């Protein structure tokens, strides 16, 4: 799996073959992605109820490429 972090300046859609996710940064660094939650859309970015107990959540695309 390949993770591509996005920021507030991202313009565009979700790439084909990828999901938009929020994930704990430690899981990105170790490649496990155990905490990844798939989002329904960009409007869910920043929703505090989704990040729950994550200490360092990051948003991005998770896919095969």
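We did not get these values from a lab; they are worked out from the coordinates using the rules stated. All figures in this text were calculated on a predicted structure; none of them were measured in a lab. Glycine gets a Cβ as well: all are built from the backbone with ideal geometry, and neighbour counts include every protein chain shown.
Filtered by the rule that a residue be surrounded by 14 or more Cβ atoms within 10 Å (Cβ to Cβ) and in a helix (DSSP H, G or I), segment 27-49 gives 27, 28, 42, 44. Within segment 11-24, residues that are on the phi > 0 side of the Ramachandran plot and in contact (Cβ under 8 Å) with a residue 40 or more places away in the chain reach partners that are outside any strand (DSSP E or B) and exposed (fewer than 15 other Cβ atoms within 10 Å of the Cβ) with beta carbons closer than 7 Å, at six or more positions or on different chains, in the pairs 17/64; 17/65. Checking segment 2-10 against the condition returns no match, with no residue being touching a helix residue (DSSP H, G or I) at 6+ places or on another chain (Cβ under 6 Å), surrounded by fewer than 16 Cβ atoms within 10 Å (Cβ to Cβ) and assigned to a loop (DSSP other than H, G, I, E, B).
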